[in-house]
């Protein structure tokens, strides 16, 4: 059974007098445990796809089913619960809360759960160890390097053990070394069974995915399984 | 890690804004507390003065006949063989429900006596009670203490050329002048003042009084109720409230109270606007954070809760500090007013109300920004990321 099913998802934006089609009756299914890369030129609908999958922007039409749940059939508050329980977000610019240390940033999604204080701390501790930051827990974001911040963001996205991890250009602001470390970490998670959907511009990341979809004008132009050569060269 | 933890961290991080908010609300609360404390202290002082000012209820015999006049009050039948008030009946005043409001009871008997062939009005008094009622009396010499002693009014002293220690014959009896009453400008100037029991004998009114002046404690004083109660226990009398005295003083106090409340309300509105504008600015500044919170699964309620909790913490702090500053300002201001005679009194209602009002104003002013924050669509907020 597919973890994700997008059925004729259409998304328009009104931009001044223009109507911009971000997603054009897009259909996509993603199996559980997939590491899916989403590529495409600017304006192809990559980020909109991630927002729609993440219950952040409702589609103009069509349906989004995640783990059997019709995401946009839920109320706004239930959508928030869905994001907390089913999704982990990794943003391009880390988006850590600057006045909270690494441990507190990782605990952020747990602050509104009923776990005990000890359990919250234990989970955040374990997750920071897993991303290789056991000795940076009490550092504020500005005291961490870009790669370390990204790893804290990954730990935060995973601390609730969500079935689906959504990553928007997580290596976009990193150098080659840090970028490789982050991709290795994501690969490890994938090998442990984590479903990951990652938007990227970087062709070098393609080797990490086991499936890649190429978007153009809000539609899937190509959908390939681990085969770099089959993707359009224009990416 | 709970929402409170995030709120406290945020306040600590944005200390400048938090301090600005606390000071803004604190000034408002302190102003209100100062004004209300001053009003309260001046009110109490005015009340004390009012009580010192003299009687505010006068009891006279009921009569339809022509009467003499004393102090602007009609005295039923004092010049005639008419009804007087039985002195023994005055104990009934203790029976009225508002007995605790009665500060002083000043019975007096009045009547004309003859001195050197001329008629003069004699007033018999209870000296202790009368001196409490007539605080403005200034007696050269001393007050009456024993039987055949007199204090004479200024006009009488001049008319008969009396000095202290002079012996005066009244109705053939000798009296010693022990005090000269300084000019009052009232009918007191024309009196011979003797002890009540002596005057009753002299005027042939044993066990009778012509009028009774009552000083009522008038802080929230139900004077009208007391008049009715006295009328009920003393059915043969007319009981009148000297309303103009009470009303004038109370009116002045009410004016001050009204002014104080006006300033208080204005200051509170300014405080509320300050909180509103600052919180609105803070929400705009934190759109990015709110977007992150919403994206990782915080409900609208969680965002609302965080913003209001921040406002509640700031407001409570402002309320407590504002109250303390207000009390301090009152203690500094009071010696400069009313000749330093007004004193501050602990008022638990004002303390609790000040803190509660600060919290309510802070929360109400923060509610629109908090609602705005909670209604931010995650996609809209994330656009700012």
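Quick notes on this structure:
- Those residues of the stretch B:275-292 which are in contact with a helix residue (DSSP H, G or I) (Cβ under 6 Å, 6 or more places away or on another chain) and either within 14 Å of chain A (Cβ to nearest Cβ) or surrounded by fewer than 23 Cβ atoms within 10 Å (Cβ to Cβ) (or both), in sequence order: B:276, B:278, B:280, B:283, B:287, B:290, B:291
- Pick from the stretch B:10-19, criterion modelled with pLDDT under 90 and surrounded by fewer than 17 Cβ atoms within 10 Å (Cβ to Cβ), ranking: nearest to the other protein chains (Cβ to nearest Cβ): B:13
- Yes/no for residue B:214 being in contact with a strand residue (DSSP E or B) (Cβ under 8 Å, 6 or more places away or on another chain), over 13 Å from residue B:56 (Cα atoms) and at pLDDT 65 or above: no
- If only residues of the stretch B:295-352 that are away from chain A (no Cβ under 14 Å), outside any helix (DSSP H, G or I) and surrounded by 15 or more Cβ atoms within 10 Å (Cβ to Cβ) are counted, the one that is modelled with the lowest pLDDT is B:342.
- Cβ-Cβ under 7 Å pairs, at least 6 apart or on other chains, the stretch A:115-129 side more than 10 Å from every other protein chain (Cβ to nearest Cβ) and closer than 16 Å to residue A:88 by Cβ, far side modelled with pLDDT under 90 and exposed (fewer than 14 other Cβ atoms within 10 Å of the Cβ): A:128/A:134
- Helices (runs of 4 or more DSSP H) lying entirely in the stretch A:34-114 (those with 3 or more residues that are within 9 Å of chain B (Cβ to nearest Cβ) and either surrounded by fewer than 20 Cβ atoms within 10 Å (Cβ to Cβ) or at pLDDT 90 or above (or both)): A:76-86, A:102-107
- Segments classed as strands (runs of 3 or more DSSP E), wholly inside the stretch B:45-128, with at least 2 members that are modelled with pLDDT of 85 or more: B:57-61, B:102-115, B:118-125
- Consider the stretch A:152-171 and keep the residues that are in contact (Cβ under 8 Å) with a residue 40 or more places away in the chain and part of a loop (DSSP other than H, G, I, E, B). The one that is surrounded by the fewest Cβ atoms within 10 Å (Cβ to Cβ) is A:163.
- Extreme residue, surrounded by the fewest Cβ atoms within 10 Å (Cβ to Cβ), among residues of the stretch A:130-146 that are over 23 Å from the mean Cα position of the chain (by Cα) and more than 14 Å from chain B (Cβ to nearest Cβ): A:135
- Only residues that are in a helix (DSSP H, G or I) and in contact (Cβ under 8 Å) with a residue 24 or more places away in the chain were counted across the stretch A:185-203, and they come to 6.
- The number of residues in the stretch A:8-33 that are within 14 Å of chain B (Cβ to nearest Cβ), in contact with a helix residue (DSSP H, G or I) (Cβ under 9 Å, 6 or more places away or on another chain) and surrounded by fewer than 16 Cβ atoms within 10 Å (Cβ to Cβ) comes to 1.
- Apart from one condition, residue A:139 fits all of (1) in contact with a helix residue (DSSP H, G or I) (Cβ under 6 Å, 6 or more places away or on another chain); (2) modelled with pLDDT under 90; (3) not in a helix (DSSP H, G or I); the exception is (2).
- Filter result for residue B:131 (part of a helix (DSSP H, G or I) and in contact (Cβ under 8 Å) with a residue 12 or more places away in the chain): yes
- Among the conditions (1) farther than 28 Å from residue A:65 by Cβ; (2) at pLDDT 85 or above; (3) not in a helix (DSSP H, G or I), the only one that residue A:174 does not satisfy is (2).
The values are calculated or read from the model by the stated rules, or taken from the named source; none is laboratory data. This structure is a prediction, so every number in the text was calculated from the model and none was measured. Note: ideal-geometry Cβ built from the backbone for every residue, glycine included; neighbour counts use all protein chains shown.
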